[in-house]
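Q: Sharing a structure, written as structure tokens. Questions coming.
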Amino acid sequence: MAPRFTRLSGRGGRTLALAAAAVMMGGCVGEVAASTGNIRTGAETSAAGASTRATAVADAANPVRLRVPAIGVSARVIPLKLDRNGRLIPPKSFARVGWNKAGPEPGERGTAVIAGHVDSTSGPAVFFRLRNLRKGDRIHVDRADGSTVSFTVYRVARYPKNKIPDKEVYKPAAGAQLRLITCGGDFDRAHRSYRDNIVVFAR
């Protein structure tokens, strides 16, 4: 499931990352628990007072926890590096999710990527129920400075790993967007990997 990214220089010398292709993430992941508490968000508000989408900021703090109440997920977020081929190195822990640190932090302008395993040899992992998310479900990302940015799911898609529409999934965004990614579809026993990727689109 590891996308391959190309580094580009952004404003102020920050590094942005755009996916050039999508390939497998090994072992396609966590700590599954409902999370409650007060949420401080930088979200737009509708006339009815309901948060709708994340508002982009120039420089957001690093993400430290991902919470997805609809599927009972509360998992620590760790930074993920790219290998020499530009592929995202998956989390070693099946209890955590990983954020592509070469790209935007969640809440910054652009498309942030958080990846996690779907299962392990011992059973379901953190993103086992990712495919069950629906339009309108909320995603909360807690950050190192104590703030929280919230996103709303607007699409869930499944793509063959060798046919992911990179421009559609990873394209730069004018506002703050988030992608949650894991493996899905049929399991290829010969290659010990799932054939597809599940991608959740949120903003």
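The values are calculated or read from the model by the stated rules, or taken from the named source; none is laboratory data. Bear in mind that the values here come from a model prediction, so they are computed numbers and not experimental data. In this analysis, Cβ positions are derived from the backbone assuming ideal geometry, glycine residues included, and neighbour counts consider all displayed protein chains.
Q: Kindly provide the set of residues from segment 96-147 that are β-branched (Val, Ile, Thr) and crowded, with 20+ Cβ neighbours inside 10 Å, ordered by number. Walk me through how you get there before you give the answer.
A: Filtering segment 96-147 for residues β-branched (Val, Ile, Thr) gives 97, 111, 113-114, 118, 121, 126, 139, 141.
If the condition is that a residue be β-branched (Val, Ile, Thr) and crowded, with 20+ Cβ neighbours inside 10 Å, then Val97, Thr111, Val113, Ile114, Val118, Val126, Ile139, Val141 are the ones that fit.
Q: Inspect all residues belonging to segment 152-160 and state whether any of them is closer than 15 Å to Arg53 by Cα, surrounded by 13 or more Cβ atoms within 10 Å (Cβ to Cβ) and aromatic (Phe, Trp, Tyr).
A: Yes - at least one qualifying residue is present in segment 152-160.
Q: Further, regarding this structure: Just to be sure I understand, how many residues within segment 62-79 are surrounded by 22 or more Cβ atoms within 10 Å (Cβ to Cβ) and over 22 Å from Gly175 (Cβ atoms)?
A: 2
Q: Then there is this: What's the total number of residues in segment 169-184 that are touching a strand residue (DSSP E or B) at 6+ places or on another chain (Cβ under 8 Å) and either surrounded by fewer than 17 Cβ atoms within 10 Å (Cβ to Cβ) or aliphatic (A, V, I, L, M) (or both)?
A: Initial filter on segment 169-184 (touching a strand residue (DSSP E or B) at 6+ places or on another chain (Cβ under 8 Å)): 169-173, 175-184.
Adding the requirement that they be either surrounded by fewer than 17 Cβ atoms within 10 Å (Cβ to Cβ) or aliphatic (A, V, I, L, M) (or both) leaves 169, 171-173, 175-176, 178, 180-181.
The number of residues fulfilling the criteria is 9.
Q: Quick check on segment 110-121. Is at least one of its residues hydroxyl-bearing (Ser, Thr, Tyr), in contact with a Gly (Cβ under 8 Å, 6 or more places away or on another chain) and in a strand (DSSP E or B)? Please lay out each step first, then the result.
A: Of all residues in segment 110-121, those hydroxyl-bearing (Ser, Thr, Tyr) come to 111, 120-121.
Retained after the next criterion (residues that are in contact with a Gly (Cβ under 8 Å, 6 or more places away or on another chain)): 111, 120.
Narrowing the set further to residues that are in a strand (DSSP E or B) leaves 111, 120.
Yes, segment 110-121 contains a residue that is hydroxyl-bearing (Ser, Thr, Tyr), in contact with a Gly (Cβ under 8 Å, 6 or more places away or on another chain) and in a strand (DSSP E or B).
Q: I need the full set of residues from segment 75-98 which are in a strand (DSSP E or B) and closer than 20 Å to Gly184 by Cβ, in order please. It would help to see each step written out before you state the result.
A: Step one: list which residues in segment 75-98 are in a strand (DSSP E or B), which gives 75-80, 82, 87-88, 96-98.
Residues satisfying the conditions are Ala75, Leu80, Arg87, Leu88, Arg96, Val97, Gly98.
Q: Turning to a different aspect of this structure: Tally up the residues in segment 56-74 that are over 22 Å from Lys135 (Cα atoms) and part of a loop (DSSP other than H, G, I, E, B), please. First the steps, then the outcome.
A: We begin by selecting, within segment 56-74, every residue over 22 Å from Lys135 (Cα atoms); these are 57-64.
After this cut, where a residue has to be part of a loop (DSSP other than H, G, I, E, B) as well, the list is 58-62.
Residues in segment 56-74 being over 22 Å from Lys135 (Cα atoms) and part of a loop (DSSP other than H, G, I, E, B): 5 in total.
Q: What residue, among those in segment 169-185 that are part of a strand (DSSP E or B) and among the β-branched types (Val, Ile, Thr), is nearest to the chain's Cα centre (by Cα)?
A: Of all residues in segment 169-185, those part of a strand (DSSP E or B) come to 176-185.
Next, only the ones that are among the β-branched types (Val, Ile, Thr) stay: 181-182.
Details: Ile181: 5, Thr182: 9 Å.
Restricting to residues being part of a strand (DSSP E or B) and among the β-branched types (Val, Ile, Thr), the top hit is Ile181.
Q: How many of the residues in segment 130-168 are assigned to a loop (DSSP other than H, G, I, E, B), modelled with pLDDT under 95 and closer than 13 Å to Ile181 by Cβ?
A: First, the residues of segment 130-168 that are assigned to a loop (DSSP other than H, G, I, E, B): 133-137, 144-147, 164-165.
Next, from what is left, pick out any that are modelled with pLDDT under 95: 164-165.
If we keep only those that are closer than 13 Å to Ile181 by Cβ as well, we get 164.
So the answer is 1.
Q: As an exercise: evaluate Phe127 against (1) modelled with pLDDT of 95 or more; (2) part of a strand (DSSP E or B) and give the number of the one condition it does not meet.
A: All conditions are met except number (2).
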